[in-house]
Structures are given as structure tokens and as C-alpha cells.
1. Quick one: if you take sqrt(5λ) for each eigenvalue of the C-alpha gyration tensor of the stretch 1-44, what semi-axes come out, biggest first, whole angstrom?
2. Amide H to amide H, which residues 5 or more places from Ala233 or on other chains are under 5 Å from it, using H placed in the peptide plane?
3. For the stretch 51-58, what does the Karplus curve 6.51 cos²θ - 1.76 cosθ + 1.60, with θ = phi - 60°, yield as ³J(HN,Hα) per residue in whole Hz, taken in order and with x for Gly and Pro?
4. Sequence-distant or interchain residues sharing an amide H contact under 5 Å with Ser108, placed H: which?
5. Quote the accessible area belonging to Arg49 in square angstrom, nearest 10, computed with a 1.4 Å probe and with ligands, DNA and RNA left uncounted.
6. Out of residues 5 or more away from His47 or on other chains, whose amide H comes under 5 Å of its own, with H placed 1.01 Å from N in the peptide plane?
7. Residue by residue through the stretch 187-196, which ³J(HN,Hα) values in whole Hz follow from phi under the Karplus form 6.51 cos²θ - 1.76 cosθ + 1.60 (θ = phi - 60°), with glycine and proline marked x?
8. Using θ = phi - 60° and the Karplus curve 6.51 cos²θ - 1.76 cosθ + 1.60, what whole-Hz ³J(HN,Hα) does each residue of the stretch 109-115 get, with Gly and Pro shown as x?
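The values are calculated or read from the model by the stated rules, or taken from the named source; none is laboratory data. All values derive from a computational prediction rather than experimental measurement. Accessible surface areas use protein heavy atoms only, side chains included; no ligands, DNA or RNA. Shrake-Rupley method; radii C 1.70, N 1.55, O 1.52, S 1.80 Å.
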Amino acid sequence: MGYPITASAKDEIKAGVFMETSTTLNEFGELNISTRSWTKNLTDGAHSRAVIYLFDEAGKRLWNTDELACGVGGTVDELIPIFGKAKSDRTENYSFNVPSGFVSQTRSIKIVHFDKPKTVAGYLEILNKFFDMNEQPQNPTVINTQNGDTIHISGGQQGVVGSHTYVEKLTQNYNNNHTLSEAVAEVQKILKQLSQTYPANTDMEKMVLATEAIKTIEADPTLKQQVISAAKAGLLAALKEVPGGKIVVAVIEGWLEPEPNLKLKQKQLGG
């Protein structure tokens, strides 16, 4: 088998959101990956993910990466300074050392792109149904979830998506979601109340409404921490259904890794 072994793929993972990935495996087991996700949607981005699979000559799965994150926001994130962290066009590079036993057997590489389900409940349902795929050699399987998202359930490598350990961990997290869901509902309530004072008929008006909601959340440290935890658990989808909600979600996700000047930017935006 000649080296390097290469593969590339390009997909539209949801309406208006694209992913493109290229990868190279050399004879020393170095797997180098470059993945890009982008959109021209104004507010609708994606939790873009890629998984790389190695197969032997018979088509048996040998090894795979974990989920590689390359999420993007809408183009509005780049128009407003407060959203400097979120990008509508993002490229990430990853490197892995593949075990030598798998390198010598590898004959092909496959790339799977998907938009990760936004709720732990939806993800957990799929994992519980397909957790035993680790023990069954087979080609990658792409599944459409009830909410229209597409996800790949992996197998083959112990401890990654599809393993018993991972499902048990998600089950434990799911038990904590009730409180987090209540926090999300509280933010929805805040947005609806503020909309009585701040109209939200245009994109600019929605930004003003969202800024006021953000100020209210920041004034309540407990609520702020809960919505940050909700973001980590993928529970913010419901916020996008109310005016200004998509912008608030983008800000909350930005709090996952706070930027030094974030509060200053919020103050500037709010006037």
C-alpha cells in the first residue's frame, strides 16, 4: 500500500451550511485533518462535526477519531462586534497518532459530516438504540433523527460515541436537564416580556431586544451559570423560536470561553 493515504469530502449538512474536510495518513501513523464549515445564512449556523474512519481491505472498520468540532454561526455574528468569537466561515486543523497495528492494515479513509443534535435527549435516544455497534464490524451508518438533524453513530473504538461508557455518561447528564430546561424557559420569558417594550420587527430591533435580555441574564449570576450549562448540554434550541433568541444563543455560546472584552463590547452595543 502506498503512502500517504488521502481522502476528502464536501457536504451540505443542513440548509445553507456546508462542510469540507481533507485528511492524510502517512506510514508513521500521523493522521492530519483540515475541516472547514461555512454558511451564508444570516442567523442560522450549525454544530458542525466530522468523524474520520479507517477501513481495511475487506471494508472492516479499524479505527476512528472522536467528533471533530467546527461549529459556525450566522453571518450576523461577524457584523456585530459582540459576536467576534462566532464565525460564519471556520477552519480547524487536527492531528492524531494512529496505532501502528491499524496503520499497516488501513486501505481507505472515509469522512462523515453532520450537524450534531441540539438536545441531549435526542442524542441519548440514538446512542441507546445503537450503542452495541462497537461490537459489530460494519460500514458507517448515517441516521436521520426526528427533528431533521443528521448524525453518524460510530463504533469500533472503545470509549468514543457508541460505547456503553459514553451512554452512561450522557444518561447521568440527562438527569440534570430539568433544571437547565427551566433556566432556558426563564430566558424565553425574559425575551417575551422585553418584547412588549422593545419591538422586534427588524434584525436591528432584534439585536437591541437581545442586548437587553443579555443584560438581564448577566444581572443574575445563577441564571447566567445555568444557561451556560444549558449551552454545554445543547439545550438552547428552544430559545431560537422567540424573537431575538438566536442572537441570545450566540452570546451564551460565546460565554463558554469568555473573551476579555466581551462585557465592554456588550456595553458598546447596548449604548
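1. Rounded to whole Å, the semi-axes are 30, 9, 5.
2. For Ala233, whose amide H was placed from the backbone, there are no distant partners under 5 Å.
3. 10, 10, 10, 10, 10, 8, 5, 8
4. Amide H to amide H, under 5 Å and 5 or more residues apart or across chains, Ser108 pairs with Phe55.
5. 40
6. Long-range HN contacts for His47: Lys116.
7. Result, ordered by residue: 5, 4, 4, 4, 4, 5, 5, 5, 5, 6 Hz.
8. Karplus values, whole Hz, x for Gly and Pro: 10, 10, 10, 10, 10, 6, 9.
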